[in-house]
Amino acid sequence: MMDDTATRELLGAYALDACDDDEVGAVEALLARDPEARREADELRNAAALLGATHAVLPSPGLRDALLSRARRVRPTAAGGDPALALYEFQTDRFEALVGGLQAEDLGVETYNGLTIRELVVHMAAMESAFAASAGVPTLPELTTFDIEARTRQLVEQMRDRPVSEARDLWRHSVDALRAWAAEGSGRLELPGVGFSMSRHSALAARAFETWTHDDDIRRALGRPLVVPPPEHLHVMAEMSTRSLPLALAFKGRTHEGKKATLELTGDGGGTWTVPLDIGVDRPVDGADPAADVHVRLDVVEWCRLASERLEPAAVVFEASGDVTLVEDLFVAAPAFATL
Amino acid sequence: MVDPAAAVAPTSEWERAVRERLVGGDEHALCECYDQYSSFVYGLAFRVIGDTRAAEDVTQDVFLHLWERPEAFDPGRGVLRTWLGTLAHRRAVDLVRREEARRRRAARDAAQPTCTPDVEEMAFALVAAERVRAALATLPAEQREAIDLAYFGGKTYREVAVALGIPEGTAKSRLRLGLRRIAGALEAGRPGEGR
């Protein structure tokens, strides 16, 4: 029988799974009655798991399907809540309706990024088909480049004399392919032009975000009022752009080691996240943190428009407290992934 | 002095929500967890076992366990990464401690898998790897060696003691002190300055 001091000596070995079975029993009995020991054990476990993170390797692609079929056998799955797919379906249906209602004289009007409305629809077909191809459901196999601008130019050239409804159909065909892929609950997207892969959730949210952005572009070009997505959809996009901030800061060379920011996005669909200003062992978390170096408060729609490069950092209306010099870097980094 | 409670990263709303969805039988929730953490779980299992097939079995078992008993993950005690990693490591070590699995190690170098981790895990893993390595580098060599033998070698502290020719009590305290230093260095965010 060990005393508590001797058992505490085992906490390191316990966290590394390096105890004998009877000792594991003694440690777990101690943890059940001693909160201090339990905190230390949790801390050491966390450190041990980080040791393991130094060797991340993707398993073979077939493992995911094998896991899912086993999962379905051991426990029935329930349909239902799939916020990213619902968001993607909603935004793509709305974009289709908008494009379907365009008049011939609308098509040559220039939009925010310099493309005409017609070219923008073609650009969407180029983008959607790139994602569909990445998901393993190619819809425009003749387009071989995954450089976004080159791909768009190639398809604009190819569609030069075709009616815009054909470009819309090409786009819709890819949307349907992506939706079917997503409905199967399947895997990841390997993005050939970008060199990394995205989870299903991130890919759908990113596509929905761009669809909303270009929907707005067309409305803006035609002098129509802009439309704000429903709160639950805004929330998914706001969260995605917020959680990717550490990577965005690294991408833009604007990291601040050891610092963090609380972002309070106000209005329906908003939320509050605290984000490290560097990619490191800390990850974005929900909620405000009083220890954050800066607290920034702004409207969730403004944030999304900033993240989609439709609002200049200097034009953002916000309130901030703490180290307000960090705000500029946050706002410059926010649109780092706007082209995805 | 590092506050041990603060060193356990807070659990995100996503983790709480995904747990709820798993409890409700939402298959997409399982997919999200798998997409986020499979490279971590598999990489850890592979590092310990040294065999792709066995590492895949462990990976499947870990995620099936999460699917069958999501209530067992307690967000109040730590992040999902730690929970999955703990499960994966235990199973991997159980396997390694069986003689049969030891023999598989011979095949380790013959079958190094090469894949790209997903973007979030990759960024995390790269930075974590760098910081953990830096933290490891500040440890006295004898602590580093003990941790490596125990965690990646799957040895018990008694076996570590034999392998290093030291008393068992010394092995225990090297593991604990070394791990505490790593936790402290990571918490401080600046390896080498913890504690």
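No lab work stands behind these numbers, since they all come straight from the coordinates. Being a predicted model, the structure only gives us computed values, none of them experimental. Cβ: placed from backbone, ideal geometry, glycine included. Neighbour counts: every protein chain shown.
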Would you pull out the residues with amide H under 5 Å of A:Asp299's amide H, same chain only if 5 or more places away, H placed 1.01 Å from N? A:Thr266
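Suppose every K and R has +1 on its Cβ and every D and E has -1 on its Cβ; what is the size of the dipole of the stretch A:1-54 about the Cα centre, in Debye to the nearest 20?
Numbers: 5 positive and 14 negative charges, 56 e Å.
So the dipole magnitude of the stretch A:1-54 works out to roughly 280 debye.
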Report the relative contact order of chain A, percent, no decimals, based on alpha-carbon pairs under 8 angstrom and at least 6 residues apart. 12 percent
I'd like to know which of A:Thr152, A:Pro225, A:Ala203 lies farthest towards the positive end of the charge dipole of the protein assembly as shown, counting +1 on Cβ of Lys and Arg and -1 on Cβ of Asp and Glu. A:Ala203
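Nothing charged except the Cβ atoms of Lys and Arg (+1) and of Asp and Glu (-1): what's the magnitude of the dipole of the protein assembly as shown about its Cα centre? Round to the nearest 20 debye. Provide the component values of the computation, followed by the final result.
Numbers: 63 positive and 86 negative charges, 275 e Å.
I would put it at about 1320 debye.
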Residues whose modelled amide H sits under 5 Å from the amide H of B:Asp51, counting only those 5 or more places away in sequence or on another chain, are none
Once Lys and Arg get +1 and Asp and Glu get -1 on their Cβ, which of A:Gly271, A:Ser321, A:Trp181 lies farthest toward the positive end of the dipole of chain A? A:Trp181
Rounded if a/c is under 1.5, else prolate if a/b is larger than b/c, else oblate: which is the stretch A:4-49, with a ≥ b ≥ c the root eigenvalues of its Cα gyration tensor? oblate
Cα axis of helix A:148-158 to longest principal axis of chain A: angle in degrees, 0 to 90, nearest 10? 30 degrees
With unit charges on the beta carbon (Lys/Arg positive, Asp/Glu negative), name the residue among A:Leu249, A:Ser134, A:Ser69 whose Cα is farthest towards the positive pole of the charge dipole of chain A. A:Ser134
If amide H atoms are modeled at 1.01 Å from N in the peptide plane, then the residues at a separation of 5 or more from A:Thr116, or on another chain, having amide H under 5 Å from its own are A:Thr111
Residue by residue through the stretch B:67-77, what is 3J(HN,Hα) from phi via Karplus (6.51 cos²θ - 1.76 cosθ + 1.60, θ = phi - 60°)? Round to whole Hz and write x for glycine and proline. 5, 7, 9, x, 5, 5, 7, 9, x, x, 9
Output ³J(HN,Hα) for the stretch A:5-20: one whole-Hz value per residue in order, computed from phi by the Karplus curve 6.51 cos²θ - 1.76 cosθ + 1.60 with θ = phi - 60°, and x for Gly and Pro. 5, 5, 5, 4, 4, 7, 4, x, 4, 4, 5, 9, 6, 10, 9, 7
Under 13 Å from the Cβ of A:Pro225, count the other residues' Cβ atoms, weight Lys and Arg +1, Asp and Glu -1, and hand me the total. +1
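Place a +1 charge on the Cβ of each Lys and Arg in the stretch A:83-221 and a -1 charge on the Cβ of each Asp and Glu, then give the dipole magnitude about the Cα centre in debye, rounded to the nearest 20.
Values: 14 positive and 22 negative charges, 55 e Å.
Roughly 260 debye, rounded to the nearest 20.
Given just the C-alpha atoms of the protein assembly as shown, how large is their convex hull per residue in cubic angstrom? List each step's numbers first, then the result.
Numbers: hull volume 81.3 nm³, N = 535.
Each residue corresponds to 152 Å³ of Cα convex hull volume.
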Give the cross-link partners of A:Lys252 among the lysines, using a straight C-alpha distance below 29 Å as the criterion and excluding same-chain residues fewer than 8 apart. A:Lys260
May I ask for the equivalent-ellipsoid semi-axes of the stretch A:234-337, computed as the square root of five times each C-alpha gyration tensor eigenvalue and listed largest first in whole Å? 18, 15, 13
For B:Lys172, go through the lysines and keep the ones whose alpha-carbon is under 20 Å away, minus same-chain ones fewer than eight residues off. B:Lys155
With a ≥ b ≥ c from the Cα gyration tensor eigenvalues, square-rooted, and the rule rounded for a/c under 1.5, otherwise prolate when a/b > b/c and oblate otherwise, the stretch A:106-196 is prolate
